[in-house]
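S.K.: After the structure tokens below, expect a handful of questions from me.
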Amino acid sequence: MSLTFHWFLPTNGDSRHVVGGGHGTPATAFGRNRPPTVAYLSQIARAAEDLGFVGALTPTGAWCEDAWLTTAMVSQHTERLKFLVAFRPGFVSPTLAAQMASTFQRQTGGRLLLNVVTGGESHEQRAYGDFLDKDARYRRTGEFLQIVRDLWEGKTVDLSGEHLQVEDARLARVPDPVPEVYFGGSSPIAGEIAARHVDVYLTWGEPPAQVAEKIAWVRGLAAKEGRTVRFGIRLHVITRDTAEQAWTEAHKLLDGFDPDTVKSVQAGLARSESEGQRRMLALHGGSREDLEIHPNLWAGIGLVRGGAGTALVGSHDEVAERIKEYHALGIEEFVLSGYPHLEEAYWFGEGVLPRLSAQGLWQHPFAPTSAPAAQVPFTS
């Protein structure tokens, strides 16, 4: 089976430095270097489409542009790329969300994927009028997905749950195809929701041993529900012709951040209620020392950015080997990003994907098998 790769749309801005934000921290000033205009995001999306990425993830939160509106606009400048739209169940009714997804599918020719983000920061949720605690938010997510999935199947839904209530809910037109649901979370209740409702469980880029434990955990929970779940991983990438070049670029990313800035970001992230964020922080401990936590796995991004905080760094061959290592654990989908996102899409697409193609692990989803990018590894 061919591996699936997704890219990222930086709706909080882009730069040659890390653009921070997320999990209770604001976007850094570097996001103004390349503002997230529809024109620029469409340029990234078209590049990803040409290179062979299947979809593009957009984040959600107060620190970035709205994912639904942005992807709806960018979709009109692309032809085949799917959009992995992050959204929070507590901010919109399940019936409306199901209808929005159905409309998106029809207007884009079936190019919607949904990334369900329960929300790990109570103070940010309260800013949007959501005053549930973390566990209650996850229970609400379960009810939300139950309603949405039933509506997508054409059912008339009556549900009076702990947090959500709908009566005689139905869609005039169901989506075709039904969007796949992506979801991540490291707490016990997150695993339960994933096992019952989602198609793809996403983990942030922890070392392979920890990822293997997560896969076994969710796979076991899903089996108890009589279901199977696919697995994906969220990582940054810095790949070059040589390892030395890649590590030089990695260190440049942090050059614009002084120790006080790093300390401030880390203090903000330490207040996060997210178990996944806690695990990210534990990988580096707030220190710039010993950031290569596994061969070619670098935790430096997490010093100044919330959420996904690790990157694959190395030569094209080394990065391809790390991808194969995660694939051997059961990872089928890779959601990647890099600063700046336009240039890094080309470095990965022209440097790593041809190597995976040559080994029979990837094929371009849109181009003929004879496409040059699927045959000849890129070198500069």
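The values are calculated or read from the model by the stated rules, or taken from the named source; none is laboratory data. Please read all numbers here as calculations on a predicted model, not as lab measurements. Note that we place each Cβ from the backbone using ideal geometry, even for glycine, and neighbour counts take in every protein chain shown. Ligands, DNA and RNA are stripped out before the accessible areas are found, and what is left, the full protein with its side chains, is counted by its heavy atoms. Shrake-Rupley method; radii C 1.70, N 1.55, O 1.52, S 1.80 Å.
S.K.: Can you sort 224, 324 by 1.4 Å-probe accessible area, starting with the largest?
M.R.: Most to least solvent-accessible, the answer reads 224, 324.
S.K.: What ranking do 255-266, 325-336 get when scored by the average of other Cβ atoms within 10 Å per residue, highest first?
M.R.: Highest to lowest by the protection proxy: 325-336, 255-266.
S.K.: Under the Karplus relation 6.51 cos²θ - 1.76 cosθ + 1.60, θ = phi - 60°, what is the ordered set of whole-Hz ³J(HN,Hα) values for the stretch 351-358, x standing for Gly and Pro?
M.R.: Each residue's phi maps through the Karplus curve to give x, 9, 4, x, 5, 5, 5, 4 Hz.
S.K.: In percent, how large is the relative contact order of the chain, given Cα pairs closer than 8 Å and 6 or more residues apart?
M.R.: With pairs under 8 Å counted, the relative contact order is 20 percent.
S.K.: For the stretch 200-311, compute the orientation-averaged projected area of the C-alpha convex hull (one quarter of its surface), in nm². Don't skip to the end; give the middle numbers.
M.R.: On the way: hull surface 31.2 nm².
Orientation-averaged projected area of the Cα hull: 7.8 nm².
S.K.: Please compare each pair in 134/214; 82/263; 155/224; 82/155; 82/324 to a cut-off of 29 Å on the Cα-Cα distance and tell me which ones are over it.
M.R.: Long pairs (Cα-Cα over 29 Å): 82/263.
S.K.: Solvent-accessible area per residue for the chain at a 1.4 Å probe radius, Å²? Intermediate values should be presented prior to the final figure.
M.R.: On the way: 15370 Å² over 380 residues.
Accessible surface, normalised per residue, equals 40 Å².
S.K.: Of 163, 123, which has the most accessible area and how do the rest follow, probe 1.4 Å?
M.R.: Details: 163 55, 123 100 Å².
Ranked list, largest accessible area first: 123, 163.
S.K.: Provide 100, 73, 280 ordered by accessible surface of protein heavy atoms (probe 1.4 Å), highest first. Display every interim value, and only then the final one.
M.R.: Numbers: 100 60, 73 95, 280 5 Å².
Descending accessible area places them as 73, 100, 280.
S.K.: Would you kindly find the accessible area of residue 128, with a 1.4 Å probe and non-protein molecules such as ligands, DNA and RNA excluded, rounding to the nearest 10 Å²?
M.R.: The accessible area of residue 128 comes to roughly 110 Å².
S.K.: Also, I was wondering about something else. Less than 13 Å Cβ to Cβ from residue 174, Lys/Arg counted +1 and Asp/Glu -1: what total charge do the surrounding residues give?
M.R.: +2
S.K.: Enumerate the calculated ³J(HN,Hα) couplings along the stretch 4-17 in order (Karplus 6.51 cos²θ - 1.76 cosθ + 1.60, θ = phi - 60°), each rounded to whole Hz, writing x wherever the residue is Gly or Pro.
M.R.: 10, 10, 10, 10, 9, 9, x, 6, 10, x, 9, 6, 7, 10
S.K.: Expressed as a whole percent, how much of the Cα-Cα distance distribution for the stretch 55-202 exceeds 17 Å?
M.R.: Looking at the stretch 55-202, the distances longer than 17 Å represent 60 percent of pairs.
S.K.: Can you give the FRET efficiency for residue 158 and residue 264, using 1/(1 + (r/R0)^6), R0 = 45 Å, r = Cβ-Cβ distance, to the nearest 0.05? Could the numbers behind the result be given before it?
M.R.: Values: r = 49 Å, r/R0 = 1.09.
That pair, residue 158 with residue 264, gives E of 0.40.
S.K.: Here is a further query. R0 = 30 Å: FRET efficiency of residue 241 with residue 282, Cβ-based, nearest 0.05?
M.R.: 0.35
S.K.: Something else: Would you mind putting 297-310, 140-153 in packing order, based on average other-beta-carbon counts within 10 Å, highest first? Please report the intermediate quantities before stating the final value.
M.R.: Numbers: 297-310: 25.5, 140-153: 21.0.
Top of the packing list down: 297-310, 140-153.
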